[in-house]
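All remarks here apply to the structure that follows.
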Amino acid sequence: MATKLYVGNLPYSVTQQSLQDKFAQYGEVTSVSVITDRDTGQNKGFAFVEMSSSSEAQKAIDGLNGADMGGRGMKVNEAKPQAPRDNNRSGGGFGGGNGGGSRGGRW
């Protein structure tokens with residue numbers, strides 16, 4: 001069963017291919033996803049790498065956590081499942097209201 005790893009503290013110059021090559025030393029890499037900013041396309045400094053087995057993933061964690069990549073010490077650990085998004089959470093978005101009232105005019 002494939003295991004997804006979180007890889008953080010990456011240099012902004014990292015590419016999917018460079019991560020693929022680095023993790024392939026520890027087993028079969030099934031996917032690499034470098035996370036980029038939606039608006040600018042700039043790399044955000046983290047990625048997800050999926051290894052084909054949990055034993056290979058553990059070897060990659062043991063071998064690469066803290067290892068240097070582009071002058072930075074990578075953080076590598078097992079990815080946690082993404083929490084479901086709640087679009088109706090309080091305090092966010094636009095809610096109802098009472099129309100806002102007067103703004104700067106006479107009462």
Taking segment 45-70 on its own, how many of its residues are in contact (Cβ under 8 Å) with a residue 24 or more places away in the chain and among the charged types (D, E, K, R)? 3
Select from segment 59-84 the residues that are outside any strand (DSSP E or B) and within 13 Å of Phe23 (Cβ to Cβ) and list them in ascending order. Lys59, Ala60, Ile61, Asp62, Gly63, Leu64, Asn65, Ala67, Met74
Taking the criterion of being at positive phi and either aromatic (Phe, Trp, Tyr) or under 11 Å from the mean Cα position of the chain (by Cα) (or both), would at least one residue in segment 46-59 satisfy it? no
When Gly45 is evaluated against the numbered criteria (1) under 20 Å from Ser13 (Cα atoms); (2) surrounded by fewer than 12 Cβ atoms within 10 Å (Cβ to Cβ), which criterion, by number, is the only one it fails? (2)
Residue pairs qualifying under the 6 Å Cβ cut-off, at least six apart or on distinct chains, with the first in segment 71-87 being modelled with pLDDT of 85 or more and the second being of a type in the set (D, E, K, R) and not in a loop (DSSP other than H, G, I, E, B), are Ala79/Lys4
Could you please tell me which pairs satisfy a Cβ distance under 7 Å, a separation of 6+ or placement on different chains, a first residue in segment 9-34 that is without any contact (Cβ under 8 Å) to a residue 40 or more places away in the chain and assigned to a helix (DSSP H, G or I), and a second residue that is of a type outside the set (Val, Ile, Thr) and buried (at least 17 other Cβ atoms within 10 Å of the Cβ)? Leu19/Ala47
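Matching residues to (1) over 16 Å from Asn65 (Cα atoms); (2) of a type outside the set (Gly, Ala, Ser):
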residue	(1), (2)
Met1	yes, yes
Leu19	no, yes
Gly27	no, no
Gln42	yes, yes
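The values are calculated or read from the model by the stated rules, or taken from the named source; none is laboratory data. What you are looking at is a predicted structure, and each value in this text was computed from that prediction instead of being measured. Heads up, the Cβs are rebuilt from the backbone with ideal geometry, glycines too, and the neighbour counts pull from every protein chain shown.
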